[in-house]
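The values are calculated or read from the model by the stated rules, or taken from the named source; none is laboratory data. Not measured: the values here are computed from a predicted model. Ideal geometry is used to build each Cβ from the backbone, glycine not excepted, and the neighbour counts take in all protein chains shown.
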């Protein structure tokens, strides 16, 4: 049902939002020798992108607006994962005793689904006008409304689908962009290689034009780096599936501890040698993630803007910053970084 919302012609409309939000220079106030955690900045970027592409509204979290909404989304995701991971927390007295019930109530009042429902109802009133304007950029919500009659969807159904995309879409991309810059910040040669490729397409730092799909097709090494980071640090660490028959898993064939960063794993030659299901960060088959094309585009656009402006220096090694399993994969110590602004002559 949702596949039409992620058709290539529709995804092209989202590129405007990716560029608009990536254009916000959220690291401008960071000083040269200042060590800072990159993750909160990337989360705000992700939240701005997902609300604009999904609901058609600008949250402006990167500019410091709606800070309570940003904190509530992050907090509710953390508590939701705790509840899923530790079954004893589902016992109401324990949940209340630890103060989680009060915290979740606070977050829910801010991120309440009713607010999304209100946006749905208001957008419905505007939909006919938006649908008639072929030049108007349509959000994910607009596309769902266009399918409402065909699939007999209630307003509640539309609200549920929209909320799912909001939750699933913002944090995974933020973490992936962060892991990419974190690894490149530890591997200067690789970062320089990506930057030189970006510069070969866009020219000097003074040329800050928007990124197009045609540009992305030329950035072969960037594409390989993004895919390799997704292999090493998959945003979603598990998929829930019910098997229909017994399966024997050959542990020896899983190549344990394959933590070596090698973008050439995704050269055309190496990809041709592998089974399609050997690399499934977005799952595969009919239950695969329909948002995969959008996620990859958003990651690349964000990285292009950031690497055009700054050189990144990681303050921890990969061994010092182990991963933590939450709703999406996270670094245990954030992404402590220092940045160097690119010179206009670069």
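General observations
- Residue identified as assigned to a helix (DSSP H, G or I) and within 16 Å of the chain's Cα centre (by Cα) among 231, 224, 308: 231
- With respect to the conditions (1) in contact (Cβ under 8 Å) with a residue 40 or more places away in the chain; (2) in a helix (DSSP H, G or I), residue 32 lacks only one, and its number is (2).
- Comparison of 141, 79, 89 shows that the only residue that is closer than 20 Å to residue 46 by Cβ, at pLDDT 85 or above and in a helix (DSSP H, G or I) is 79.
- Within the set 158, 194, the sole residue that is assigned to a helix (DSSP H, G or I) and either in contact with a strand residue (DSSP E or B) (Cβ under 6 Å, 6 or more places away or on another chain) or in contact (Cβ under 8 Å) with a residue 40 or more places away in the chain (or both) turns out to be 194.
- Within segment 260-295, if we keep just the residues that are in a helix (DSSP H, G or I), surrounded by 19 or more Cβ atoms within 10 Å (Cβ to Cβ) and within 17 Å of the chain's Cα centre (by Cα), the residue that is modelled with the highest pLDDT turns out to be 295.
- Checklist (1) modelled with pLDDT under 95; (2) touching a strand residue (DSSP E or B) at 6+ places or on another chain (Cβ under 7 Å); (3) over 30 Å from residue 79 (Cβ atoms); (4) surrounded by fewer than 19 Cβ atoms within 10 Å (Cβ to Cβ) applied to residue 310, failing item: (4)
- Only one of the listed residues (150, 161) is surrounded by fewer than 16 Cβ atoms within 10 Å (Cβ to Cβ), under 28 Å from residue 11 (Cβ atoms) and at pLDDT below 85. That residue is 150.
- Look at segment 205-220: where a residue is touching a residue at least 60 places away in the same chain (Cβ under 8 Å) and on the phi < 0 side of the Ramachandran plot and a partner is outside any helix (DSSP H, G or I) and surrounded by 11 or more Cβ atoms within 10 Å (Cβ to Cβ), sitting 6+ places away or on another chain with Cβ atoms under 6 Å, you get 205/342; 205/346.
- For segment 5-20, the count of residues that are farther than 30 Å from residue 286 by Cα, touching a helix residue (DSSP H, G or I) at 6+ places or on another chain (Cβ under 6 Å) and either assigned to a loop (DSSP other than H, G, I, E, B) or at pLDDT 90 or above (or both) is zero.
- Within segment 313-340, the set of residues being farther than 16 Å from residue 185 by Cα, crowded, with 17+ Cβ neighbours inside 10 Å and touching a strand residue (DSSP E or B) at 6+ places or on another chain (Cβ under 9 Å) comprises 329, 330.
- Any hit, segment 64-78, residues being crowded, with 20+ Cβ neighbours inside 10 Å, under 16 Å from residue 302 (Cβ atoms), in contact (Cβ under 8 Å) with a residue 60 or more places away in the chain and under 17 Å from the mean Cα position of the chain (by Cα): no
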